Amino acid sequence: MPSVGASLIEIPDRVRDLGGDDCVVEVPHQGKVSRTLKICTPLKTWTLKIATDNLSRRRLNRESAILAQVGTKPTHVYDIPRVCRFHCQEGWLLLEWIPGQRLRDRLRKTQDMSELVRWVREYAKAIRWIHNLPSSTLNASQSWLEWKLSEAKNNLVRGWVNQDDLNLENRGVPLEELFQRLLGLVPEPRISVCIHGDVASDNLIEREERIVGIIDWSEAGFGDPYADLALAWREMARKPHSDHLWNEFLKVYGLDEIDWNRIEFFLLLDEFM
């Protein structure tokens, strides 16, 4: 099996046998948690996610369970990765590959404002579609927010939160102090919808000038829509003319007024992920 940028040793035998000698392994993107590989054969292409530690193993378990719910339902709008194989003990997840490029890569290359506005509108449509999924799409056995706060605390205790990865305004602040600030910002419960939980632009796939797929569902659940809206706002804030882009986003999403306290809370929560 020829390999580009990946060692054969890390490819599980059960995956290697799918393509035999005609497989090519590429490294298209490194996720925040697991190691991600692209497995190419003459007939089919897969995404292989490999756990690198206990945290990524738990996330793969969760994503497999979520995709078993979301990915089996006909969407008619966006492609969702289908689980091909999953091995809990060995810590790997094999998914169907969704062809295209990540929206973040497209946005980095786009300087024209009208083009940026068009993609921001596409972005808003994708998030609106997720939030409009029927509540039966996900079986919520635990509060999503309780789970996220538990994960945040666990990441803090285990030393998995790196000061260098924080947003500039939070760097240098003791992590325990940041966590206490987070707990003080927990919002009152409100309407819950299906949320992706990590709907940054690098988890949206575009092809032929539109968003066609949504990937990386390990943090999805049934919770506050501001969990997704906060990450979208952060994407807009990094661009020139961010206010204009954000207003275009909100018009398409269908929101007139913003609860900035919720935005602040979910942005700070994401620091511990």
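Summed over qualifying helices (DSSP H, 4 residues or more, each -39500 (n - 2.57)) and divided by its residue number, the chain shows a 222 nm mean residue ellipticity of -12500 deg cm²/dmol. Over region 123-273, the hull volume per residue, using the convex hull of the C-alpha atoms, is 128 Å³. Count Lys and Arg as plus one, Asp and Glu as minus one, and take only other residues whose Cβ is under 10 Å from that of R121; the net charge is then +1. Counting 0.36 nm for each residue step from N139 to V193 and taking away their Cα separation leaves a gain of 18.2 nm. For the chain, the longest principal axis of the C-alpha atoms and the axis of helix 175-184 are separated by about 60°.
Considering the options M113, I11, I211, tell which one lies farthest towards the positive end of the dipole of the chain, charges being +1 on Lys and Arg and -1 on Asp and Glu at the Cβ, about the Cα centre. It is I11, whose Cα lies furthest towards the positive end.
In the chain the Cα-Cα distances spread across 5 Å bins starting at 0 as 1, 5, 12, 16, 17, 18, 14, 10, 5, 2, 0, 0 percent of all pairs.
For a quick check, take a GNM of the chain with Cα springs below 10 Å and name the residue from W160, W246, W92 with the largest mean-square fluctuation. Greatest mean-square fluctuation among the candidates belongs to W160.
For region 44-67, the residues whose backbone nitrogen is under 16 Å from a point 7 Å from the Cα of W160, taken along Cα to Cβ, are 50-64.
The loop-placed GluC sites (Glu not before Pro) in region 75-161, going by DSSP, that have at most 16 neighbouring Cβ atoms within 10 Å of their Cβ come out as E90. Near D79, the amide H atoms lying under 5 Å from its own belong to G213, I214; only residues 5 or more places off or on other chains count, and H is placed 1.01 Å from N. Relative contact order of the chain, taken over Cα pairs closer than 8 Å and 6 or more residues apart, is 19 percent. How far apart, in nanometres, would the label points at S242 and L185 be if each is projected 7 angstrom from Cα along the Cα-to-Cβ direction? Simple spin-label model gives 1.4 nm for this pair.
Taking P42, P81, P99 in turn, the Gaussian network model of the chain (Cα-Cα springs below 10 Å) assigns the largest fluctuation to P42.
For the chain, modelled as a GNM whose springs connect Cα atoms under 10 angstrom apart, the maximal fluctuation among T110, T45, T137 occurs at T110. Can you compute the FRET efficiency between S150 and R62 using 1/(1 + (r/R0)^6), with r the Cβ-Cβ distance and R0 = 22 Å? Round to the nearest 0.05. Efficiency computed from Cβ-Cβ geometry: 0.95.
All of the numbers you see were taken from the coordinates with simple rules; none came from a lab. Here the structure is a predicted model, which is why all the values come from computation and not from measurement. Backbone-built Cβ (ideal geometry, glycine too); neighbour counts: all protein chains shown.
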